[in-house]
Amino acid sequence: MSKENETTISTASRPETNGAGAPSGEETLTVTDNRTGRSYEVPIVDGTVRALDFRAIRVDEDDFGLMTYDPAFMNTAACRSSVTYLDGTNGVLEYRGYPIEQLAERSSYLEVAYLLVHGELPTASQLADWQHQITIHTFVHENIKEFLGGFRHDAHPMGMLLSATGALSTFYPEADDIDDPENRHIQTIRLISKMPTLAAFAYRHAQGQPYVYPDNDLAYSGNFLNMMYKMTELKYEPDPRLERALDVLFILHADHEQNCSTSAVRSVGSAKPDPYSAVAAGIAALYGPLHGGANEAVLRMLRRIKHRDNIPDFVNGVKEGKQRLMGFGHRVYKNYDPRARIIKKAAEDVFEVTGRNPLLDIALELESIALEDDYFIERKLYPNVDFYSGLIYEALGLPVAMFPVMFAIGRTSGWIAQWREMVEDPEQKISRPRQIYTGERARDYIPIDQR
Ligand code: SDX
């Protein structure tokens, strides 16, 4: 049996206890299989037990052994990671140990991207070099423009971003040499630098406006605003307050441990394709309204509610199960999402420039009603990162369909940091879950005239 199929549990020799079943103090689980009467000691490591260890629990030699069953991975750790720390109970989020509140207040998106990818904050010269490398890789191959031109004018930009990111792999065929650190580095740079360009091109395509090329004099977020909004002026000058707000939003969306889209990147990445294909899988997952698509769904929900006096009926509809309060709830946070708190404040800064978004009043009223209602309290439903972010994007003039695209830009550095960690993790192999088979067995083919 190959090493990875070996289990580390043995039939338990009853651990020493005082006879009253008091704990032995050992870091093990003692499991008794009542089908056989045999007991097993399962090691507990880092608060987990290895699912593979349960394969040793069998009724006879022909038995495959026990598996664990965990649809949607509600209680399964799939990897060891040092990228992001989440404490859902206390609403704590740290990138490489640095609290999100401090990074949002004092860092920049590219500095945070460096931190996520390399594990440490950069020195001044490291940051300057990193910024330079990102800046000189913002262009995409001219053929990408023709590729994007093939989409309908009303194509959803997430569908365009997903496709264009996957298409990038065909322009860098060497990218699939993922075991070469230098190659991983240049593809990391390209993905982080080109995502805003692809996003802006998708927006300009939908607007029927000419593409705007990157301006290397501008910083990351300012250049994105340039590619989005430059018209006939010779030089686009981003409003520094909007540029800062965007940078903070990218920081807040940069990583979030093993969320759905990151798990998709890791799972696809485990088969060892190039990173563009793995990140395209992440974009596809993020597209979903239960994940990154929620910020788009929140805006549509607020527009549907329209007036504050419609809120009570809407909330009753949620409690009757007719619809969800989009932007609320989280698999991990059973407390206020710390990012939502920061975004709420950033919104005020943006509205100083753009004027207050009237939908904010509906969002604030909806939040205060929900936070006092037992339905939401019992289910620990609080605002998440998507509840307020759309209000800022709308104030920046973005169409709703672009909201998840903004999420994808920020999350690219997290996806690539997690992908690198997975590639470098000696414990990782191709992801291939098992199943509980519930279908028919061994049926003989029936000719069509007898069916
Ligand atoms: C993101 O994982 C991450 O880290 C994701 C993310 C990241 O940075 O990557 O944080 C980004 O995806 C944020 C979440 C964005 N999605 C939404 O805002 C969509 C609305 N929220 C949900 O649909 C839901 O809360 C999820 C998907 C976020 C979490 O779903 P879970 O953990 O599977 O919870 P569940 O669907 O099993 O719900 C538990 C209960 C249910 O009630 P009962 O059946 O027990 O009566 O809570 C209810 C649900 O009906 N519920 C909601 C609700 N979310 C959960 N009821 C009303 N409105 C909601 N939003």
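Just so you know, all these numbers are worked out from the coordinates, no wet-lab data involved. Please read all numbers here as calculations on a predicted model, not as lab measurements. Neighbour counts run over all protein chains shown; Cβ positions are idealised from the backbone, glycine included.
With unit charges on the beta carbon (Lys/Arg positive, Asp/Glu negative), name the residue among ILE44, SER107, TYR336 whose Cα is farthest towards the positive pole of the charge dipole of the chain. Ranked along the dipole, the leading option is TYR336. Between TYR40 and ALA12, VAL31, THR32, ASP33, the built amide H atoms are under 5 Å apart, and every one of these is 5 or more places off in sequence or on another chain. Other residues within the sphere of radius under 13 Å centred on the Cβ of ASP87, judged by their own Cβ, net out at -2 (K and R +1, D and E -1). With the largest listed first and rounded to whole Å, the semi-axes of the equivalent ellipsoid of the chain from the Cα gyration tensor are 42, 28, 24. Cα-based values for segment 175-224, radius of gyration first and Dmax second, are 13.8, 41 Å. Quick check: from the Cα gyration tensor, does segment 312-439 come out rounded (a/c under 1.5), prolate or oblate? Note, shape of segment 312-439 comes out oblate. Seen from TYR40, the other residues with C-beta closer than 10 Å to its C-beta sum to a net charge of -2, counting Lys and Arg as +1 and Asp and Glu as -1.
Against the longest principal axis of the chain, how steep is helix 385-395, in degrees 0 to 90 to the nearest 10, with axes from Cα atoms? The two axes meet at around 10 degrees.
Axis angle, to the nearest 10 degrees, between helix 359-371 and the longest C-alpha principal axis of the chain: 20 degrees. Segment 404-442 and segment 239-289 have Cα centres separated by 12 Å. Straight Cα distances below 20 angstrom link LYS272 to the aspartates and glutamates GLU4, GLU174, ASP176, ASP177, ASP179, ASP180, GLU182, GLU421, GLU424, ASP425, GLU427, with same-chain residues fewer than 8 positions distant left out. Per-residue 3J(HN,Hα) values for segment 33-40, derived from phi via the Karplus relation 6.51 cos²θ - 1.76 cosθ + 1.60 with θ = phi - 60°, read 8, 5, 6, 10, x, 7, 10, 10 Hz in sequence order (x marks Gly and Pro). If R0 is 35 Å, the Cβ-Cβ spacing of ASN75 and GLU348 corresponds to a FRET efficiency of close to 0.35.
Which Cα, out of ASN216, ALA200, THR138, lies furthest along the positive dipole direction of segment 81-425 (beta carbon charges, K/R +1, D/E -1)? Farthest along the dipole direction, towards plus: ALA200. I want the local charge near GLY355. Using Cβ-Cβ distances under 14 Å, sum +1 for each Lys or Arg and -1 for each Asp or Glu among the other residues. Spelling it out: positives minus negatives among the neighbours equals -4.
Under the classification rounded if a/c is under 1.5, otherwise prolate if a/b is larger than b/c and oblate if not, where does segment 237-374 fall, given a ≥ b ≥ c as square roots of the Cα gyration tensor eigenvalues? Oblate is the answer for segment 237-374, as a/c is 1.5 or above yet b/c matches or exceeds a/b. List the pairs from LYS230/LYS344; LYS306/LYS344; LYS194/LYS344; LYS306/LYS345 whose alpha-carbon separation is above 24 Å, in the order I gave them. Correct reply: LYS230/LYS344; LYS194/LYS344.
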